[in-house]
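The values are calculated or read from the model by the stated rules, or taken from the named source; none is laboratory data. Remember, predicted model here, so these are calculated numbers, not experimental data. Here the Cβ positions follow ideal geometry from the backbone for every residue, glycine too, while neighbour counts run over all protein chains shown. Remember, those area values only see protein heavy atoms, side chains included, never the ligands or the DNA or RNA. Shrake-Rupley method; radii C 1.70, N 1.55, O 1.52, S 1.80 Å.
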Amino acid sequence: MALVTTKEMFQKAYAGGYAIGAFNVNNMEIVQGIMEAAGEEKAPVILQVSAGARKYAKHAYLVNLVKAALEYSDIPVALHLDHGADFEICKACIDGGFTSVMIDGSHHSFDENIALTKKVVEYAHAHGVVVEGELGRLAGIEDDVKVSSVDASYTRPDEVEEFVNRTGVDSLAIAIGTSHGAYKFKPGQKPQLRFDILEEVEKRLPNFPIVLHGASSVSQEFVKIINENGGKLDDAIGIPEDMLRQAAKLAVCKINIDSDLRLAFTAGIRKYMNENPGHFDPRQYLTPARDNIKTLVRHKIVNVLGCAGAAEK
């Protein structure tokens, strides 16, 4: 099956009350683990690439890894640019085989964000590619995206209609309390999604796909495994999975997951190397890392996203 855009995926997700998982990829084993889980659960999936991943693995390697994975799968797969910083990087990905791009103009003023997003939309649509925009700023760190809690801001529902109408974007990432990275909350503070904002956005943008970034739940199981095998990770708190499932039943059609993947992958390697000192065959220590990715993604598909079996509908 060839790569697809997210347009039909999101239409079905909105109608079906589930979300599509957008999983960040950096190497072959991560691609394999995600695709094996999604394939076995018959779930559509979005493989997304950050600026950091493009620097690390290079554009052509990542695109061709994804194309290779398609030879072993019959599920819908979209290839998405995560947090495109400017028009040039979006153009490079559109020209280079991506079927979806995100232009993140959230650090600009409202009008500047609109102008930049519209420019990307016009080029992307002319090439059959869909575009995700962003309103509001999430706290936390993900590759080149660094936003302090002071600079973070919730999405303003009164801006979403104008933004979508003036830009022509196909989906919109909003800030309602998720955060990038293994975010540390203040002692005693519990993560909380602003469902009131999400519901107001849905009223103003009926049947329009909404995206949540920074939605890893930060599995304490993997944090524990890493620390038991020589790691030094502080306790980290993510968004409770029941909140994410509730969001997926509303207007949220795409949920981004990255930090959980990194923790799962690292836990597999650390555990193997601790139990097998002196081993140096990457095929051996990367196998449990890949297995952890598969286990994690299957869990997200079935218990959080609710999209198991959706590829057959």
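Details
- Considering only 275, 122, 88, the mean-square fluctuation computed in a Gaussian network model of the chain, springs between alpha carbons under 10 angstrom, is largest for 275.
- For the residue pairs 119/294; 91/294; 12/271; 91/232; 58/224; 55/300, the C-alpha atoms sit more than 30 angstrom apart in 119/294; 91/294; 12/271; 91/232; 58/224.
- Accessible solvent surface per residue of the chain, calculated while the other protein chains remain in place, 1.4 angstrom probe, Å²: 44
- Area accessible to solvent at residue 279, 1.4 Å probe radius, in Å²: 90
- Note on the stretch 193-313: with neighbouring protein chains present and a 1.4 Å probe, carbon and sulfur make up 50 percent of its accessible heavy-atom surface.
- Part-to-part distance (alpha-carbon centres) for the stretch 230-263 and the stretch 107-138, which is given in Å: 25
- By the Stokes-Einstein formula, at 1.306 mPa s and 10 °C, the stretch 1-100 with its Kirkwood radius over alpha-carbon pairs has D equal to 116 µm²/s.
- Computed over protein heavy atoms with a 1.4 angstrom probe, the accessible surface ordering of 273, 1, largest first, is 1, 273.
- Charge sum, other residues only, whose C-beta stays under 13 Å from residue 166's C-beta, Lys/Arg counted +1 and Asp/Glu -1: -4
- Each part gets one Cα centre, and for the stretch 35-101 versus the stretch 265-292 those centres are 25 Å apart.
- Net charge of Cβ neighbours under 9 Å - reference residue 217; Lys, Arg +1; Asp, Glu -1: -1
- Diffusion coefficient of the stretch 174-313 by Stokes-Einstein, Kirkwood radius over Cα pairs, 37 °C, 0.692 mPa s: 199 µm²/s.
- Extension reserve of the residue 64-residue 15 stretch, reckoned as 0.36 nm per residue once the Cα distance is removed: 14.4 nm
- Range of Cα positions in the chain per principal axis (Å), largest first: 59, 48, 36
- Computed on protein heavy atoms with a 1.4 Å probe, the accessible areas place 221, 162 in the order 221, 162, largest first.
- Solvent-accessible area of residue 7 with every protein chain in place, 1.4 Å probe, in Å² to the nearest 10: 130
- Summarising the amide proton neighbourhood of residue 254: residues at separation of 5 or more, or on other chains, whose placed amide H is nearer than 5 Å comprise 20, 210, 212.
- Computed with a 1.4 Å probe on the full set of protein chains, the accessible area for residue 225 sits at about 30 Å².
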